[in-house]
1. How high is the relative contact order of chain A, given as a whole-number percent (alpha carbon pairs under 8 Å, six or more residues apart)?
2. Please work out the C-alpha center-to-center distance from the range A:281-330 to the range B:53-101 and express it in whole Å.
3. Measuring with a 1.4 Å probe in the full set of protein chains, what accessible area per residue, in whole Å², belongs to the protein assembly as shown?
4. Please report, to two decimal places, log10 I(q)/I(0) for chain B at q = 0.16 Å⁻¹ as given by the Debye formula with identical point scatterers on the Cα atoms and no solvent.
5. Give the calculated FRET efficiency between A:L40 and A:A137 to the nearest 0.05, with a Förster radius of 25 Å applied to their Cβ-Cβ distance.
6. If you add up the charges near A:T286, with Lys and Arg at +1 and Asp and Glu at -1, over every other residue whose beta carbon is less than 13 angstrom from its beta carbon, what do you get?
7. Give B:K91/B:K265; B:K125/B:K157; B:K30/B:K157; B:K91/B:K125; B:K47/B:K265 a once-over and call out the pairs whose C-alpha atoms are over 28 Å from each other.
8. Modelled label-to-label distance, A:T73 and A:A90, 7 Å Cα→beta-carbon offset: nm?
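The values are calculated or read from the model by the stated rules, or taken from the named source; none is laboratory data. It should be emphasised that the depicted structure is a prediction, and the values quoted were computed from it without experimental measurement. Cβ atoms come from the backbone with ideal geometry, glycine included; neighbour counts cover every protein chain shown. With ligands, DNA and RNA removed, areas are computed over all heavy atoms of the protein, side chains included. Shrake-Rupley method; radii C 1.70, N 1.55, O 1.52, S 1.80 Å.
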Amino acid sequence: MTVTYFAALCALTLAAYIIAVRRSSAIANTANGRQRLHSLPTYHGLLAASLVIFPMIAIFALGSPILSHEAATNALSHFPADVQADAMRAGATLRDIRNLAAGQHSGEASDALRAAADSYNSTSTQGAYILLAAGIAAALLGIAIAFRLISPQFRARNHFEKVVNVVLIACAAVAILTTIGIVASVLTETLRFFFDPHIKGRPTVTDFLFGTEWNPQAAMRADQGDIKTAYGFLPLLTGTLLITFIAICVAGPLGLLSAIYLAEYASPKVRAYGKPVLEILAGIPTVVLGFFAALTVAPMIRGFGQYLGLDVASESALAAGLVMGMMIIPFISSLSDDVINAVPQSLRDGSAALGATKSETIRQVVLPAALPGIVSAFMLAISRAIGETMIVVMAAGLAANLTFNPLEAVTTITVQIKTLLVGDQEFDSAKTLAAFALGFVLFFVTLMLNVIALRIVRKYREQYD
Amino acid sequence: MENRAVDLSAIERIEAARTAQITGAARPAKVVAEGVDVYYGAKHALKDVSVDVPDRGVMAFIGPSGCGKSTFLRCINRMNDTIPSCRVTGKITIDDQDIYDPALDVVQLRARVGMVFQKPNPFPKSIFDNVAYGPRIHGLSTNKTELDQIVQMSLQKAGLWEEVKDRLQDSGTSLSGGQQQRLCIARAIAVSPDVILMDEPCSALDPIATAKVETLIDELRSQFCIIIVTHSMQQAARVSQRTAFFHLGTLVEEGPTQLIFTNPKDQRTQDYITGRFG
């Protein structure tokens, strides 16, 4: 039925366009010679088409949920009131009804279920016809209005500009509303984690933010009763910061210096090949880098540590940090390269004309001028590092140690989110909800980083053109 | 050029003597170019240019766009080195020292030959740091007081001190276009160069800012050898003592400014200054 609706939509839109174009052309070529239209026939056509397409989409977008809700209510009315009242059972019943209605129900169906399925089907079909009729009526109305509006004086061109405006706003709104939706959902679950009295074993906000022990896996079943559950977030934070710090220590200098080489010293040929190769590094899946970290780098560090007489865990923050550093080099180098190239040549000339060498020019003129861009490149790289999961899972382990020793195993926020949600979970247990709390904190940290980066960029931005 | 100095007419000798009076005394040439050719790849941009630029005073290079005057200017501080396809032959000396000598330190040369560009290009730093940039990299001051003095003197010479003395820490880019250009001149002066090259320094400025920069150039000519490239013949007439006219990569004519503008020898110069082409 949806297919029919959208076929009708396409056909009517096209029809509206053609009718309006023809009508306006006809008005232009009247019996007494050519008449000048304010807008070209194409604009009349586009305006007519938008008078059809938007009302039809709106009717479908509003009608479909109402229809589906109606169908569900009607179908459930065949079941006793206690089923309808319990959300869980109502949901399960509804699934059965839908399956039967679609002919995929397995096993014996009860009479009530069969009646409900029939009712579901008939409501759906009827509703779809009503929807189709309403859509076509609206489209015809739109075409009629557009037809009446066409005249030499009518400013279809200007009116279409408003349509464009609305379309652009709608597209932007989708992105913005999605963001708001995600944040709201994570925030709600986080609040449930902390304040919902039905959740067993939930921590207080202080326990969560300042607790030094992270042990959410314990005491989920009654027979494990005496193991303490702990949701102390600090070890995860320190683990995340430690690995990110190591990664930036690796990627910062390497990325920035290679950007300077590519932008200022490399011959065009080297640059043409070097930059894409560096960018390929960003395209390596992190899971590949992860097993490289776990199977090659971590044992190497361990061996080297033993040689020096150090006790290195086989899964260490250092291994994860080093490999993650390699991963984010392209972010820093590629973006920094772009901003360094964007520094006007006139500044380099001015410096050279004063007798500065190339490296003096770069250090004292080019880099300060490119600083805002370089800072945002670093911030982007840090956000990537904080949000990275796979490398850490494979190379740094799962043990939530509160330590700043890079030779020990640590874990990060993202890894714990992944660990909490892997496998079958009850959705309203403290353990699952803890993942939302972690997600919220992660989001907050990255948001703060972005805010700081924006501040820095704004403060040091220089106007040159 | 063969027509140079071969037959000094009486009027030119008188003009030369007057110019010498204006500028102090007759001085030996500061910058001497002999048979300079410049190629951009296969393009022969500058053909056999020979000219003497006297010390102390302003020499203007005029000519239509693409005539090679800026190219020649950029040969004098070897800024053309930064263009990979560019090749320079011939000889240019400053104070009898060949600046294309392989043993010469280009960085030191550019410290002696300052340059002001077409568009003001202050660094995105404070006004103070803009002027202090050259002295700092060349180690011209040993302490903060000396540096302060150099900065103040340079800004004073550039006629900018009164306008910016209370906001030396503001960004150089916050100044108006004319102020920015005078800041660039102060920046060039701060390293005490012998020669200052100006590549159409007023083409991005409004008439009032232009007048200020021209006054400044006039004040500076007693201390520096200034070479200015300009599109404006009025400007050449106002600020320079000698003028060289370039056309299609050759130096057509060179002489005292008044003579070039009142009594040019070459028909092409005549046509250009009367506005028949260019």
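1. On the way: 604 pairs, mean separation 72.1, N = 465.
Averaging sequence separation for qualifying contacts and normalising by length gives 16 percent for chain A.
2. 56 Å
3. Numbers: 36840 Å² over 743 residues.
Normalised by residue count, the accessible surface of the protein assembly as shown is 50 Å².
4. Treating every Cα as an identical point scatterer, log10 I(q)/I(0) equals -1.29.
5. 0.25
6. On the way: positive: A:R384, A:K418; negative: A:E388.
Residues near A:T286 contribute +1 overall.
7. On the way: B:K91/B:K265 26 Å; B:K125/B:K157 21 Å; B:K30/B:K157 22 Å; B:K91/B:K125 37 Å; B:K47/B:K265 20 Å.
Exceeds cut-off: B:K91/B:K125.
8. It is 1.1 nm.
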